[in-house]
Amino acid sequence: EYDFNEIQRVLEHRLNQKVEVIVYSDLTDLKQSNIGTEEVFTNTGGQTKIVGNIMFVYFNGDHNHLRRQIREGVAQIYLNSMLFGANIQEIVQNAVMLNLPDWFKEGLINYIGESWNTEKDNQLKGLIQSEEYENFQDLADLHPGLVGQSLWYFIGERYGRSTVSNLLYLTRINRSVESGFLYVLGNSYQSVLKEWAEYFENRYQRDAVGRNQPGGEEITIKNKKELPISKVVLSPDGTKLIYVLNNIGKYKIYLYDLVKGKRKRLFKEGYKNNFQTTDLNYPLIAWNPNGSQVTFVYEKRDNVNLLTVDIYTGKEELTAMPERYQRIYSMDYVDPFQLVFSAASSGQADIYLFN
């Protein structure tokens, strides 16, 4: 579905340089790659990895995700060439004279990859309504990609998408973000930021009209380090909870008894990695309908394993999955003896029944 030769031809024509697209079957293969330099392994907040004119992308079972990576990669290479030049002299000169804030470039790359979506909107809504940040700059300092993308999205919606390219061009010519905003939008930089805040505040206020808070009591999960909770699965009878705490690659799976208010660790795996993107797809969790067994799918040394644990006796049963399963994206029980997978095999995502 993706004509990489056509992508390369267009970029070579525009930039007069060769661009290579390297596609990996999944995130694990990308992280194990020894192609390029140490820059490949740097965590860039989820953006497509670029080293020089080499683009690194991977397939996670979602073609929209692959498309977004390619668009982000093309945008990143094009923007680097446009803003900073092609040779060493131009790069050094422009890097000194064109001091762009992080949100400008990261947000623009995200915006070109995908202008906006409900997931990003929910993330921004949570940040704005938390009232922990005073203004745009406070938010942009900690979340440059998300907040920058929201600003570009707002500009495209309020002033038209063509304004984005004009703003980028004027910013490069004048070597100033403030001048670009003033000449293209007819408003000062600070005025546009004020409009951005009002736009999203009003949007979320309208969204809250007619909504009611869900009933019940809030569950307090012990998490002193405020680690990401990557998976949460409720037991069939609703009395127990399985969740995963992921510490940049080293994860632990806990069983939480909602009635007794106690928890115990069922499993741990992985290791901390400050440099590579954390793989939050694994582990996968599924409750057996019998309510006494939990099944985990995790990856170790590039092998996919299936582990079933009895929560009462602690008995474990480990199954090494056939090698044809390159990656399992999701799973659930059909009945007490059969699982259903969404998995990749031979580079293609399909649905499988596993007895």
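The values are calculated or read from the model by the stated rules, or taken from the named source; none is laboratory data. On a predicted model such as this, the values are computed, not experimentally measured, just so you know. Note that each Cβ is placed from the backbone with ideal geometry, even for glycine, and that neighbours are counted across all protein chains shown. Please note that ligands, DNA and RNA were not included when accessible areas were found on the heavy atoms of the full protein model with its side chains. Shrake-Rupley method; radii C 1.70, N 1.55, O 1.52, S 1.80 Å.
Figures for the structure shown
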item	result
The range 313-345 - residue that is open to solvent by 50 Å² or more (accessible area, probe 1.4 Å) and among the basic types (Lys, Arg) and, of those, modelled with the highest pLDDT	315
Selection within the range 283-312 - open to solvent by 70 Å² or more (accessible area, probe 1.4 Å) and within 20 Å of residue 245 (Cβ to Cβ)	300
Any chance residue 280 is within 20 Å of residue 24 (Cβ to Cβ) and either open to solvent by less than 60 Å² (accessible area, probe 1.4 Å) or in contact (Cβ under 8 Å) with a residue 24 or more places away in the chain (or both)	yes
Residue in the range 13-22 that is assigned to a strand (DSSP E or B), more than 17 Å from the chain's Cα centre (by Cα), at pLDDT 70 or above and surrounded by fewer than 16 Cβ atoms within 10 Å (Cβ to Cβ) present	yes
Among the candidates 37, 48, residue that is buried (at least 20 other Cβ atoms within 10 Å of the Cβ), in contact with a strand residue (DSSP E or B) (Cβ under 8 Å, 6 or more places away or on another chain) and at pLDDT below 80	48
Answer from 153, 159, 133 - the residue that is surrounded by fewer than 19 Cβ atoms within 10 Å (Cβ to Cβ), modelled with pLDDT of 90 or more and of a type in the set (Phe, Trp, Tyr)	159
The range 188-231 - residue that is under 30 Å from residue 335 (Cα atoms) and touching a residue at least 12 places away in the same chain (Cβ under 8 Å) and, of those, surrounded by the fewest Cβ atoms within 10 Å (Cβ to Cβ)	219
Residues of the range 162-187 satisfying the condition of being open to solvent by less than 20 Å² (accessible area, probe 1.4 Å) and of a type in the set (Val, Ile, Thr)	163, 164, 171, 177
Lone qualifier among 26, 62 - being within 22 Å of the chain's Cα centre (by Cα), modelled with pLDDT of 60 or more, acidic (Asp, Glu) and surrounded by fewer than 17 Cβ atoms within 10 Å (Cβ to Cβ)	62
